[in-house]
Amino acid sequence: MSLRQTEKLLTIMAQLRDPETGCAWDRQQDFESLIPYTLEEAYEVADAIERGDNEDLKSELGDLLLQVVFYAQIAQEKELFDFEQVAMTIADKLTRRHPHVFDGVVFKNDAERKLAWEAAKATERAGKPRDTPARILSGLTKNLPALMACEKVQDRVAAHGFDWQETAPVFDKVLEELAEVKEAWISGDYPHTEEEVGDLLLVVVNLARHLKVNPEMALRKGTDKFTRRFNYVEQQVLTSGRAVTDCELEELDALWDEAKRVLKKG
């Protein structure tokens, strides 16, 4: 986007928020009311990418950019900061976190680069005013999806040496936690079962980290695959003039196996 187009977008946003001539809905919004829209737009960007729809991606990125402009306009009205300061902040942060690009620093490998990245982030956190001293897990976003939050926590502590050095023990830990879930389930203690399921999910996320797999993306793709297979099963049942609830589980299982074979070939 050229500076001219950026200025045009900022001007439009200011007009929409004008107390006298602006849009009633836009004037009513504040930081908190925009949160659901921001989250929705971010997921719509991800959806466009996964569908390979570049035209839609361009549109969705525009919608996401609107959220940034909207927040910046509200902040400017409150005399907190403006869009220019937002852009300057991220530009400075990118420069600090990429000394190998801007300061001639040489890293031997990706592991060394990642350590430097985490060190830069830690320095930034330490420089922020706080009522209490900064801790290793300070500053993590509280309202991330649970799976992403779990990965962030584990990445943070791993950067400080609290992690398995090899992958094999993590597989053993998954089996251990799975056995504990079963034991809690057999006991009939629901709160304990819930706790153990949480432990199992946490260690599965840890396993994904060690396998260099993004757990959020892996689950999204797994859910998409399940959806495609179930849609196939449902279509076969509907073609026979019945509903899924009319079928025995054995028949549905057979159709599920058929879906796996057919869709894999497709």
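So here's what we get for this one:
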{"read-out": "Angle between the chain longest axis and helix 168-187 axis [Cα atoms, degrees, rounded to 10]", "value": "70"}
{"read-out": "Answer label, with Cα Rg over 2.2 N^0.38 Å calculated from the coordinates and candidates (i) 1.34; (ii) 1.01; (iii) 1.08", "value": "(i)"}
{"read-out": "Dipole magnitude of the chain about its Cα centre (Cβ charges: Lys, Arg +1; Asp, Glu -1), debye to nearest 20", "value": "1180"}
{"read-out": "Residue with peak Gaussian network fluctuation, the chain [Cα springs, cutoff 10 Å], from Gln76, Gln236, Gln154", "value": "Gln236"}
{"read-out": "Cα-based reach from Lys58 at 22 Å (exclusive), listing lysines while leaving out same-chain residues under 8 positions away", "value": "Lys8"}
{"read-out": "Positive-end extreme of charge dipole, the chain - chosen from Leu66, Met88, Gln15 (charges on Cβ)", "value": "Met88"}
{"read-out": "Pairwise centroid distance, computed over Cα atoms, of the range 33-85 with the range 178-250, Å", "value": "32"}
{"read-out": "Residue among Arg156, Arg97, Arg27 with the largest mean-square fluctuation in a Gaussian network model of the chain, springs linking Cα atoms under 10 Å", "value": "Arg27"}
{"read-out": "Tilt relative to the chain, helix 3-16 - C-alpha long axis, 0 to 90 degrees, to 10", "value": "80"}
{"read-out": "For the chain, with +1 on Lys and Arg beta carbons and -1 on Asp and Glu, the positive-most of Phe230, Ala24, Asn206 along the dipole", "value": "Asn206"}
{"read-out": "Using alpha-carbon coordinates, inclination of helix 249-265 to the longest axis of the chain, degrees", "value": "60"}
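No value in this document is a laboratory result; all are computed from the given coordinates. Predicted, not measured: the structure shown is a model, and the values here were computed from it. Please note: Cβ atoms are built from the backbone with ideal geometry, for glycine as well, and neighbour counts cover all protein chains shown.
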